[in-house]
Amino acid sequence: MVRISEFQIKDVVNVSDGKRLGNIGDIEINVSTGKIEAVVISGNGRVLGFFGKDEDVVIPWKNIIKIGQDVILVRHRPNDDPVADEA
């Protein structure tokens, strides 16, 4: 069994480009099934926390490839995310 606090200290790395995405700040749980649906990587503050912050990155549970001792490997392609382009 793994505790949420253990997830939060692991670095999350995208296998698509090798980039470190950050650390898990939250999880989404389906209350009907009790299963984890996604992990949320909190956006970093810009310029020492001023001028807003980056968007949160939501990684569906099915996109988690491997959970290791120090790192969580995920598959994330930001360009595949749906974007609302309404004119």
Could you give the alpha-carbon Rg of segment 4-77 over 2.2 N^0.38 Å, rounded to two decimals? 1.13
Roughly how many nanometres apart are two label points built 7 Å out from the Cα toward the Cβ at residue 15 and residue 70? 1.9 nm
About the Cα centre of segment 4-77, what is the dipole size in debye to 20, counting +1 per Lys and Arg Cβ and -1 per Asp and Glu Cβ, all else neutral? 240 debye
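Each reported figure results from applying straightforward, stated rules to the coordinates on display, with no laboratory input. Just so we're clear, the structure is a prediction, and the values are computed from it rather than from any experiment. Backbone-built Cβ (ideal geometry, glycine too); neighbour counts: all protein chains shown.
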